[in-house]
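Below: the structure, in structure tokens.
Bear in mind that the values in this text are calculations on the coordinates, not laboratory data. Note that the structure is a prediction, hence the values are computed from the model and not measured. Because the Cβ atoms are built from the backbone with ideal geometry, glycine has one as well, and the counts that use them run over all protein chains shown.
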Amino acid sequence: MNQRKIGTLPLCCMMIGSVLGSGIIILPPLALEAAGPWAIVGWILTTLFGVAFAYLFAKVGSMFPGEGGAASAVERAFGSSAKRLAAYTLSGAVLFGPVAVILTIVEYLPPAIKPATAMGQAGLGAVIQMVCALLVISGLRNMSRFTLVLATTATALLLAGSGMVFFNYMGTPAPLPSFDGPAFGYTMLLLFWAVVGWEVVGNYGGEVIDPKRTIPRAAIMAAVVIGVVSLAVAGALQYGQLPPEAGHGVSALLYPLFGSLAPWIMGALTVALCTTTYLVIIGAVTRLLAHLSRETGLPDALDRRNRHNAPWVGMLFYTAVHLIQFVLVGFGVLDLAGLVAIADGFFLANALLGTLAGIKLFTSPLPRFVATLLSIGVFMVLLQSHWPVQLTLIVLAAFVLLRARRRALSAI
């Protein structure tokens, strides 16, 4: 069976691609716009968040390897109802997040091939999404080979471009202005998108060689790479003084390397990172839904798999939901920033349940301390999410708890 499983390096590259993903493309300019010079402080905190998340969820993933992932840890800590809530929040986040990821690909296409209208951009996004869905159901082995190449190439390009800016185009850092709490809080909410992905590490545990060793090793390697790349890109964008012809956003960092070809290279880089994010996150959540269908009232059809062991019915469900959202994007009902904000709220709720479970399950002082700090940080960032998202989470929690109570009463 080992020939069908993946090892440390492929898993590490899957983590790098999924966590960097669209966040490293869209977040640096958004954070700079929202927080100004304080953006780099937000990135430093986010990097520390990311390392802590990698440590926590790698430990959880090695303790509970399998398609249940972190939700299984939540179940061990707080019971089956909490597991369902954790699974539903992650599944809810993936109802919206992947559309934002695919739209990032379209947003960063070179002007020569980017559709001019919103409907055209949404239509192209829908086509890319269906191609990605086919890659997901091709199986983890094929998927890991694909992401290995994409993540390695994208990481090398980002580091090389940022390094060129630091050595040749650095300006004098401006002093920090007075602190704007609400703006910084909103920035941290946006930047949480940069650590999304760690919570699904354990969902691949059943398809990894020796998960108790492989998952922590891959997570440590990935966390180091992601932290270096994130700070390099954010710092180069904030402090670099590039010529006007370089353009704007992360694409400008590639100008010193590629000149007028930078937009085309940026388009390819964005495709690489965002595709990896989509494959890893969707692959994990469809496995989680398949796992839940064997334990809860979810339809048994969600556990139907093809010859590559990929849950194709769950993939079909998410594809249908995402295609509807692309139509709404085309009509201007939804946009990229709104989708990120909605998905972040659900991801935060899921992460909070995972960190709280860590506090209860871990026996060593260091893991419990890390889980406690993360729980506080995640809760504070969750308070910055939009009130409709908070209300939806409250309703979802109430629904799960009431359903559990009814089952308990009917069993008496």
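Tabulated data
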{"quantity": "Within a Gaussian network of the chain (alpha carbon springs, distance under 10 Å), most fluctuating of 101, 321, 378", "calculated": "321"}
{"quantity": "Angle between the chain longest axis and helix 365-382 axis [Cα atoms, degrees, rounded to 10]", "calculated": "70 degrees"}
{"quantity": "Furthest towards positive pole of dipole, 378, 280, 43, structure part region 2-405, Cβ charges", "calculated": "280"}
{"quantity": "Ranked list, fewest to most other Cβ atoms within 10 Å of each Cβ, for 55, 239", "calculated": "239, 55"}
{"quantity": "Region 356-392 versus region 162-238: alpha-carbon centroid distance in Å", "calculated": "18 Å"}
{"quantity": "Descending Cα extents along the principal axes, region 29-154, whole Å", "calculated": "53, 43, 30"}
{"quantity": "Cα-centre dipole for the chain with unit charges at Cβ (Lys and Arg positive, Asp and Glu negative), debye to 20", "calculated": "1540 debye"}
{"quantity": "Which of 5, 212 has the fewest Cβ neighbours within 10 Å, and the rest in rising order", "calculated": "212, 5"}
{"quantity": "Count of lysine pairs in region 2-405 with Cα separation under 21 Å (8 or more residues apart, or interchain)", "calculated": "7"}
{"quantity": "Residue with peak Gaussian network fluctuation, the chain [Cα springs, cutoff 10 Å], from 174, 223, 118", "calculated": "174"}
{"quantity": "Gained length - residue 364 relative to residue 300, 0.36 nm times residue gap less alpha-carbon distance", "calculated": "19.2 nm"}
{"quantity": "Nearest-ten-degree value, helix 80-107 long axis tilted from longest Cα axis of the chain", "calculated": "30 degrees"}
{"quantity": "Relative contact order of region 255-333, pairs being alpha-carbon contacts under 8 Å that are 6 or more residues apart, as %", "calculated": "17 percent"}
{"quantity": "222 nm mean residue ellipticity, helices alone, for the chain (DSSP H n ≥ 4; -39,500 (n - 2.57); rounded to 500)", "calculated": "-25000 deg cm²/dmol"}
{"quantity": "Region 2-405, relative contact order in percent, only Cα pairs under 8 angstrom and at least six apart counted", "calculated": "35 percent"}
{"quantity": "Helix axis angle, 39-63 relative to the chain longest principal axis, alpha carbon, degrees", "calculated": "30 degrees"}
{"quantity": "Highest-MSF residue in the chain out of 329, 395, 149 [GNM, Cα springs under 10 Å]", "calculated": "395"}
{"quantity": "Exposure proxy ranking, count of Cβ atoms within 10 Å, fewest first, for 204, 255", "calculated": "255, 204"}
{"quantity": "At R0 = 45 Å, FRET efficiency that the Cβ-Cβ distance of residue 410 and residue 131 yields, to 0.05", "calculated": "0.45"}
